[in-house]
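Here's the structure, in structure tokens; my notes come after.
The values are calculated or read from the model by the stated rules, or taken from the named source; none is laboratory data. Please read these numbers as outputs of a predicted model, since none were measured by experiment. We place every Cβ from the backbone using ideal geometry, glycine too, and count neighbours over all the protein chains shown. Side chains included, ligands, DNA and RNA excluded: accessible areas come from the protein's heavy atoms. Shrake-Rupley method; radii C 1.70, N 1.55, O 1.52, S 1.80 Å.
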Amino acid sequence: MTAFTSLYMAWLIPDNWISIVILFAYSITIISMVIVVLSENRNPIRSIAWVLALVFLPWVGLIFYLFFGRSLKGQHMISRHNKRKLLNRFQPKTVSLGSQSLSAEEKTLVKLARNLCSSQYTVNNELQIFKIGHEKFEWLKRDLSEARESIYLQYYIFSDDTLGKEIADILIRKASEGIKVKVIYDHVGSFSARNRFFKRMNAAGVDTHPFFKVTFPQLANRINWRNHRKIVVIDNRIGYIGGMNIADRYEKGTPDGLAWRDTHFRLRGEIVGSLVYSFLIDWNFQNPEKQIEYPVPPEIELRNHVGMQLISSGPMSAYNNIALCFQKAISSATKSIYIQTPYFLPTDGLLHALEAAALANVDVRIMIPRKSDSRMLQYASFSYITQCLKAGIKIYLYEPGMLHAKAMIVDDTFVTAGSTNFDFRSFENNFEANLMIYDKDTNRRMRDIFFEDLSKCTKVRFNTWKKRPRLQRTMESIVRLVAPIL
């Protein structure tokens, strides 16, 4: 029953003026919300989904819209003045693309990222790839322990389990040595960690701060927008970025004994300045009273011409930065596109770009987990498989456990990986950060990892897939309807 039907029925019942007033006020509220949705000129499918929810789900639709439907686009995380200061200090100087061995398509992609979020192309970098959590965290703990000046650490999930306590103990020890230690954790992502876990670090000199702390007055304003970035910078010289959070499952697998497969990078070189820039924007946005003084960046001694950019995106961005870069890279592919993602809920533009590539005989392969850590997102991801198969896109289901890696490998030279899932939430609602790498050797190493994982997958065959249980197909169709607002 819609709000308008309820209003009409209440009008027919005598002496029911209180109900009439309440329903009239509710109806005016719904009409106002619908006008707001339409005036924002969003994706039509997303707008229709919200309008239908507001009109046909009394109260529930309104509550969901207040919590999950509003837009932050056009707002600024920091002032333009402070942004310029950060850019001048930390973002590498502009490199002449004419002097670089990049294809015309890659140069266009570099320019796109630069225009979207002031992301400068860097040329002197070193990269180490981790596909196993234990290796990544052993390196991270070693680098943290050897810090001499500063530690900037940012994670979506910072758990107070065994691994989290080990990291916290290192941070506390370094703070006691006089090292400047700053920690950002997402408040919702780290809900499972008890308050005393962070209070202990604060009391010991580690400056921790939750991103968009969810308290009752700001509940509807903050709960939908999460900082999903995983960035660490040590002494402004060593950086980490990728998909691994601080939690035991990234080292030991799921509680039921299944593997947890992820990808993370350790960086040295000019690109680290871009990581510092990203961290300081987030820190100063959340801590206007405790802004970090801008340190002097170190001299870069590497000279190896490994090209990289850091592309960031968030609900305050004027455009969906990372989605646009993905779409440009996909559209420019001539040989192959290999994607690993835990959740596959593409925008229409990205889905059509993948379909067009496959129909043009580009080898398009998408790897998702057979069993996801979210049943609803698993149904949503599976709902796109039939459409992909019809276009010639190859779909693979990772069998050993949860595939949490987020990477796209295009042709022979381009790779992007980081915190971004191939889904609506990452493209539109989360604060994300991805590394864009223009390097044949890195591309080859990431392709080798992809095909190693491929050997542990089952390829989805169209004739088999269309015979899946009717209940599963029904659930996929239902969840697909709300996919744009998940």
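Some points to look at:
- With a simple spin-label model that places each label point 7 Å from the Cα along the Cα-to-Cβ direction, the separation between SER477 and ASP248 comes to 4.3 nm.
- For the stretch 342-407, with all protein chains in place and a probe radius of 1.4 Å, 51% of the accessible heavy-atom surface sits on carbon or sulfur.
- Legend: distances between Cα atoms for LYS136/LYS335; LYS111/LYS136; LYS131/LYS199; LYS290/LYS406; LYS230/LYS440; pairs beyond 29 Å are LYS136/LYS335; LYS111/LYS136; LYS131/LYS199; LYS290/LYS406.
- Whole-Å distance, taken between Cα centres, linking the stretch 139-180 and the stretch 244-282: 14 Å
- Extreme residue, positive dipole direction of the stretch 425-486, given options PHE427, LEU454, ILE437 (C-beta unit charges): LEU454
- The stretch 353-444, dipole about Cα centre (Lys/Arg Cβ +1, Asp/Glu Cβ -1), debye to the nearest 20: 360 debye
- Heavy atoms of PHE431: accessible area, 1.4 Å probe, square angstrom to 10: 0 Å²
- Cα→Cβ-extended label distance, 7 Å offset, between MET316 and LYS371, nm: 4.1 nm
- The listed residues GLU105, GLU428 rank as GLU105, GLU428 when sorted by accessible area, largest first, using a 1.4 Å probe.
- Per residue, the stretch 220-362 exposes 35 Å² of accessible surface when a 1.4 Å probe is rolled over the protein heavy atoms with every protein chain present.
- Sulfur and carbon atoms: percent of accessible area, the stretch 111-217 [1.4 Å]: 49 percent
- Once C-alpha pairs closer than 8 Å and six or more residues apart are averaged by separation and normalised to the residue number of the stretch 141-221, the relative contact order reads 33 percent.
- Nonlocal amide H pairs with GLY418, under 5 Å, H built at 1.01 Å: LYS406, LEU435
- For the stretch 222-291, the set of GluC sites (Glu not before Pro) satisfying both a DSSP loop assignment and a count of at most 14 other C-beta atoms within 10 Å is given as GLU289.
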